[in-house]
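Novice: Next up is a structure, given as structure tokens.
Each reported figure results from applying straightforward, stated rules to the coordinates on display, with no laboratory input. The shown structure was predicted, so the numbers you read here are calculated from the model rather than taken from an experiment. Please note: Cβ atoms are built from the backbone with ideal geometry, for glycine as well, and neighbour counts cover all protein chains shown.
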Amino acid sequence: MIISASYKTDIPAFYGDWLMARLDAGYCHVVNPYGRQVHRVDLRPAAVDGFVFWTRNLGPFMAHLAEIERRGLPFVVQFTVTGHPRALEAATVAADRAVGQIRAVAADYGPRAAVWRYDPILVSSLTPLDWHRGQFARLADALSGAVDEVVVSFAQIYRKTGRNLATAARHHGFEWRDPELAEKRALLADLARIAAGRGMRLTLCTQPELVTEEIGAARCIDAERLSAVAGRKIAARQKGNRPGCLCAESRDIGDYDSCTHGCVYCYAVSSRALAQRRRRAHDPGSEMLVPAAGGL
């Protein structure tokens, strides 16, 4: 099984010691976010085909990556770098620092080991469409040669996302909007051209209405990429999480409401205050990442 760590939270940035302890133990416990059932996930080497790590800050996890490789466990890092203003991303690392971490992964583990995510694209008075064109080009220049794929998507405004955005907009004095389909397509076409000029393929994460011949759907859990990193075939059936998702089957070991980067558009955090409380309650020796949300 491929282990996803994690699209629900940033395990490399905040919970790396816990993950390594669970690898030593050979298992962890994961809570179903809907029924709240607790499931045991087998983390013994014989049960793990490899990892996909999702992060905005790999710095605290760099030494752990070396140990994971020493144990013979291949990995791919899905690394988000957008460089949005602090009103939108309160506590992410600076973009140039994140770029340096991606380049370090490529140097140490090869150019297939990292995927850049410019995701999500939020259009606001702080980040209008042309801001994204310029910001994307600057980051693509900095990452040229270190990655061969960049995954993008437009922010999806769920109820909690809209609530958090509205609160931030009132506090910081900005406006945001969901662009028209034609605007999205025009921006994506420009970003795809910029990416291609830097040796990168631009793909879309689960927004099939925007897929074109030039811009394909992303496979964020990508068994073929993981196979290339591992130097052996890793077989996994396609089993997306939602319509249009082409990801390979995996098991995610994270938990919602536990990431404290403070991104106001994040679908995985209903309240930063709750995420901060749950992170403070985290026990690196526990079988579970964080205590149940209902108890905090």
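Novice: Out of residues 5 or more away from ARG251 or on other chains, whose amide H comes under 5 Å of its own, with H placed 1.01 Å from N in the peptide plane?
Specialist: Those lying under 5 Å, H to H, from ARG251 are ILE2, ILE3, SER4.
Novice: Moving on. Pull up the DSSP beta bridges for segment 2-288 and report the antiparallel fraction as a percent, rounded to 5.
Specialist: Approximately 25 percent, going by the DSSP bridge assignments.
Novice: So what's Rg/Rh here for segment 1-154, counting alpha carbon atoms and using the Kirkwood radius for Rh?
Specialist: On the Cα set of segment 1-154, Rg over Rh gives 1.00.
Novice: Could I ask something else about it? Could you work out the percent of alpha carbon pairs in segment 69-192 separated by over 21 Å, rounded to a whole number?
Specialist: Of the Cα pairs, 45 percent sit more than 21 Å apart.
Novice: Let me ask something else about it. If amide H atoms are built 1.01 Å from N in the plane of the peptide, which residues on other chains or at least 5 residues away come under 5 Å of the amide H of GLU149?
Specialist: TRP116, ARG201
Novice: Using only DSSP helix segments of four residues or longer, with each worth -39500 (n - 2.57), what per-residue ellipticity at 222 nm results for the chain after dividing by its residue count and rounding to 500?
Specialist: Rounded to the nearest 500, it is -10500 deg cm²/dmol.
Novice: Sticking with this one: Calculate the length of the line joining the C-alpha centroid of segment 151-201 to that of segment 220-282, in whole Å.
Specialist: Computed from Cα coordinates, the inter-centre distance equals 20 Å.
Novice: OK, next. Which order results if GLU67, GLU183 are arranged by neighbouring Cβ count within 10 Å, fewest first?
Specialist: Listed from fewest to most nearby Cβ atoms, that is GLU67, GLU183.
Novice: While we're on this one: Rounded to whole Hz and in sequence order, give me ³J(HN,Hα) for segment 167-184 from the Karplus expression 6.51 cos²θ - 1.76 cosθ + 1.60, θ = phi - 60°, writing x for Gly and Pro.
Specialist: For segment 167-184, the Karplus-derived couplings read 5, 5, 5, 5, 5, 9, x, 10, 10, 9, 7, 9, x, 5, 4, 5, 5, 4 Hz, x marking Gly and Pro.
Novice: Counting each pair of different Cα atoms once, what's the Kirkwood radius of segment 144-287 in Å, rounded to one decimal?
Specialist: Hydrodynamic radius (Kirkwood, Cα pairs) of segment 144-287 is 17.9 Å.
Novice: Ok, one more. Please work through the chain and write down the cysteines that have no neighbouring cysteine Cβ at a distance under 4.7 Å.
Specialist: CYS28, CYS205, CYS220, CYS245, CYS247, CYS259
Novice: Let me ask something else about it. Stick to Cα atoms and the Kirkwood definition of Rh, then tell me Rg/Rh for segment 134-226.
Specialist: The Rg/Rh ratio comes out at 1.02.
Novice: Let me ask something additional. With N residues in segment 182-256, what two-decimal value do you get for its Cα radius of gyration over 2.2 N^0.38 Å?
Specialist: So segment 182-256 has a normalised radius of gyration of 1.27.
Novice: Could I ask something else about it? Please report Rg over Rh for the chain, where both radii come from the alpha carbon positions and Rh follows the Kirkwood definition.
Specialist: 0.94
Novice: Under 10 Å, Cα contacts only: if you run a Gaussian network model on the chain, which one of ASP257, ASP222, ASP130 comes out with the highest mean-square fluctuation?
Specialist: Most flexible of the set in this elastic network: ASP130.
Novice: Please identify the trypsin sites (Lys or Arg not before Pro) of segment 230-268 that satisfy two criteria: DSSP loop assignment and at most 11 other Cβ atoms within 10 Å. Which are they?
Specialist: Answer in residue order: ARG232, LYS233, ARG237.
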